[in-house]
Amino acid sequence: MIKKIICINLIVIFVVLCVIEILCFQTYKRIYTPLFEAQLKNFKNREEIRKLLEIRYHKAKKFVYEERIANCLPKVYKGNKKGGIVTIGCSYTEGAGLEENQSFAYKLNQLTGKTTYNRGISATGTQYVYRQLADKNFKKEIPEVDYVIYTFIYDHFYRLFRDYVTYGNSNLHINYYLNDKNELREGKHPFWFLYTFYTTRLISEYKEQRSYDEFDEKYAVFLKLIEESIKEMKKNYPNAKFILLEVPQGSMCLSDYQAGTEELTKEQIKDIEDLGAIYVNAEKLVGHQLRDTEKYRMPDKDHPSERVWDEIAPALVKKFM
């Protein structure tokens, strides 16, 4: 009798969990599918974007750094002059929605004649700048570097809160924290398989949105990631310079906070420069705003159009190279 009751209870629990999961899936699909379809419809390189969206939305697998690198396929543009330039960051750097010859790295290659490396990884942030520079294979793949240019957007602060890459991506995110000795440590995901479920994803995204105001702790992690990124760069390339290029955001169709209105403060810029980075505000560099949706954004109203890089790249080269 007891066994029968236990079995019935287990079946009931299982059915309830299945119903919850189905409801969460439908909620998730209703929220995000129209956004992804709108992106896919407007981008020229449809197949590349389709693959990216499939990685973000349809596949549920454990996230590892090497998988993300493999998915993004870092691009190299050969030059005939000594030295090299690394562009590093998120989808802005990667060139989401752009053809290869429209990307930031390609423009720098054409202007300087140096070999440039596009190391942008979509939907990531500062932690992946550090993770790449600390990678033992980085020096093997990139023998010479004069400049590491980190394309920073304000949303990278918020990405430090994420347990995994949200907004349609079930892959686990590399996350860092500071221990008692103020040292960087990589967070672990002992229950990574739970992120396969839409219930877990929605709960995690809710927690992420609620945590945006808890800023001080994550800002300390951000500064440490910048500090350690510069140290790793100097270890392999002693004469290289680290540029943090702040680019304004667009409407951020996949976020519900008002983007493009926030930027680094004078105090934060000083903190970054004290670590040895060169801070550059893209709008001050070109002398005007780069937020106009029609002129400077892709149809998703977020990612930079080619015109952004056509203005930033020559101004950056003229000032620093």
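The values are calculated or read from the model by the stated rules, or taken from the named source; none is laboratory data. Values in this document were obtained by computation on a predicted structure and should not be read as measured data. We place every Cβ from the backbone using ideal geometry, glycine too, and count neighbours over all the protein chains shown.
The residues of segment 117-141 that are under 19 Å from Tyr176 (Cα atoms) and among the aromatic types (Phe, Trp, Tyr), listed by number, are Tyr128, Tyr130. The strands (runs of 3 or more DSSP E) found entirely in segment 120-232 that carry 3 or more residues being at pLDDT 85 or above are 147-152. Taking segment 268-319 as the region of interest, how many residues are free of Cβ contacts under 8 Å to residues at least 60 places away in the same chain and not in a loop (DSSP other than H, G, I, E, B)? Number of matching residues: 26. Here Asn71 clears all of (1) touching a helix residue (DSSP H, G or I) at 6+ places or on another chain (Cβ under 7 Å); (2) modelled with pLDDT of 75 or more; (3) not in a strand (DSSP E or B) except the condition numbered (2).
Across segment 12-39, which residue is modelled with the lowest pLDDT among those that are within 22 Å of the chain's Cα centre (by Cα) and loosely packed, with under 14 Cβ neighbours inside 10 Å? Can you show your working first?
Quick first cut of segment 12-39, residues within 22 Å of the chain's Cα centre (by Cα) only: 28, 31-39.
Now restrict to residues that are loosely packed, with under 14 Cβ neighbours inside 10 Å: 33-34, 37.
Numbers: Thr33: 73, Pro34: 71, Glu37: 66.
Looking at residues that are within 22 Å of the chain's Cα centre (by Cα) and loosely packed, with under 14 Cβ neighbours inside 10 Å, I get Glu37.
Scanning segment 88-114 for residues that are surrounded by fewer than 24 Cβ atoms within 10 Å (Cβ to Cβ), outside any helix (DSSP H, G or I) and small (Gly, Ala, Ser) returns Ala96, Gly113. For segment 80-100, a tally of residues being modelled with pLDDT of 95 or more and under 12 Å from the mean Cα position of the chain (by Cα) returns 1.
Can we say Tyr77 is among the aromatic types (Phe, Trp, Tyr) and within 21 Å of the chain's Cα centre (by Cα)? No.
Which one is surrounded by the fewest Cβ atoms within 10 Å (Cβ to Cβ) among residues in segment 115-145 that are in contact (Cβ under 8 Å) with a residue 60 or more places away in the chain and of a type in the set (Lys, Arg)? Per the stated criteria, the residue is Lys139.
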